[in-house]
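Here the structure is laid out as C-alpha cells; the discussion comes afterwards.
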Amino acid sequence: MAVSVLPELGLAAGKTKLWRYFDLPKFQSLIERQALYFASAREFEDRFEGSIPQSQAIRLRESTPEIMVAHSSKAFEELRRLTKISCWHMNEGESAAMWSLYVREKCGIAIRSTVDRLVSALQPYRIEPHYAEERVWVGPVRYIDYRTDHMQGGLGLGRFFHKRRSFAHEQEFRSVLQLDLAEEFGVRVPEKGVFVPVDMHRLCEAVHLAPETDKEFRHTVEALITHARLSIPVFQSEMDDAALY
C-alpha cells in the first residue's frame, strides 16, 4: 500500500500505541473480511467534519465570486463523500472514556496496535480492479479553535486532519483515502465507506475485551480469531484488575 503522511502535520513516533474500539458485529466484520472500514466523512456525527476555520472561510468568500462560493459549497459536500477515514485512538493504555463512548452493554473489543503496525498492515487498495492503487494518508489529528485558528496544510486534505478542541480527548490518529480522482475518471465511488484490506497479524498486537465482559463473550471472540486462522493474544481489560488496599 502506498502510504504517506502530511508533512505539515508530522507523524507520531512509530511505536506510539494505537487503539480501535469495536462492538462485536464490527469486530467480526474486520476479522472475517480482514479489511478495515474507512467511513465516508459524511457518516460522522460532527457537523464540522471537513469544514474550515472562520477566518479562512471569510478569506475564501472575499476572494471568490458569489457563484463560485455556491459551487465550492457543493464541491465540499462531494469532497466529504469522496473522503474515506479510519479513526484510531492514541494512548499508551486503555481509555475508560473510549470504552464508554464506543462500547455498549459490556460487549466491546479494542484492538491494540502501533503507528508502524498500521502503516505496514495496510494492503494495496483499488476502487476497481483495473484502476490504479490508491494512496492512504496517515497522521495525528490537530485540535484547533475554529473561530480564531488557522488550519495547516492544504484545505483539500488537511481539513480532514483537524477537529475542534472540544474533541481533544479523542487523541485521534487517522488514515485517510480521497477518491476524487477515481470519480473524475468515471469510477463509481460508494456513498458510504469502503473496506481496505489489511494484514491482521501485522495490525493486531493484541485484542482487549471491555470491562466486565463474561467468559461466554471471551469464548466468542477467541472462536472468531481461531476460525480466521489468526494468532492474536486476547486480554481482559486492565480496568477489571482488583484494587488493592
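Restricting 124, 129 to residues that are under 22 Å from residue 34 (Cβ atoms) and either buried (at least 20 other Cβ atoms within 10 Å of the Cβ) or free of Cβ contacts under 8 Å to residues at least 12 places away in the same chain (or both) narrows the list to 129. Taking the condition in contact (Cβ under 8 Å) with a residue 24 or more places away in the chain and outside any strand (DSSP E or B), does residue 169 pass? So residue 169 fits the description; yes. Does residue 176 qualify as being touching a Lys or Arg at 6+ places or on another chain (Cβ under 9 Å) and either part of a strand (DSSP E or B) or at pLDDT 90 or above (or both)? Yes.
Summed over region 202-245, residues that are over 27 Å from residue 122 (Cβ atoms) and hydrophobic (A, V, I, L, M, F, W, C) total 5. Considering region 186-245, the qualifying strands (runs of 3 or more DSSP E), each wholly inside and each with 2 or more residues that are within 21 Å of residue 94 (Cα to Cα), run over 206-209, 234-236. When 106, 163 are screened for being within 30 Å of residue 56 (Cα to Cα) and either hydrophobic (A, V, I, L, M, F, W, C) or touching a residue at least 60 places away in the same chain (Cβ under 8 Å) (or both), only 163 passes.
The values are calculated or read from the model by the stated rules, or taken from the named source; none is laboratory data. Because the structure is a prediction, the values reported are computed rather than measured. FYI the Cβ positions are ideal-geometry reconstructions off the backbone, even for glycines, and counts take in every protein chain you see.
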